[in-house]
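All remarks here apply to the structure that follows.
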Amino acid sequence: MIEIVINSKATTQSKHIDEVEMALKELKKQVKKSGLMQELRRREHYVSPSKAKVLKRAESIKQRKREERKQEWNKQNTTEY
């Protein structure tokens with residue numbers, strides 16, 4: 001039996017060696033879903049509190065613009081009967 005454990009959120013078991021590729025595929029899905037890689041990238045370098053505030057604000061503005069574009073697109077592409 002092969003058991004691949006990244007953390008408590010991402011664990012995969014496989015009984016046969018032939019299923020290793022499938023187990024790795026499942027593990028990749030679990031890691032992506034748990035947000036582990038994003039957390040590791042975020043913690044890779046120290047970010048000062050003032051820089052973190054600037055980054056958070058920039059992300060907020062980016063998200064707001066994305067939502068506005070999405071709403072505008074929905075208005076243009078929906079027709080009321």
Once the in-chain neighbours fewer than 8 apart are removed, the aspartates and glutamates whose Cα is under 13 Å from K29 read E21
Once the in-chain neighbours fewer than 8 apart are removed, the lysines whose Cα is under 20 Å from K51 read K62
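Rule-based calculations on the coordinates, nothing more; no lab input. What you see is a predicted model, and the numbers here were worked out from it, not measured in a lab.
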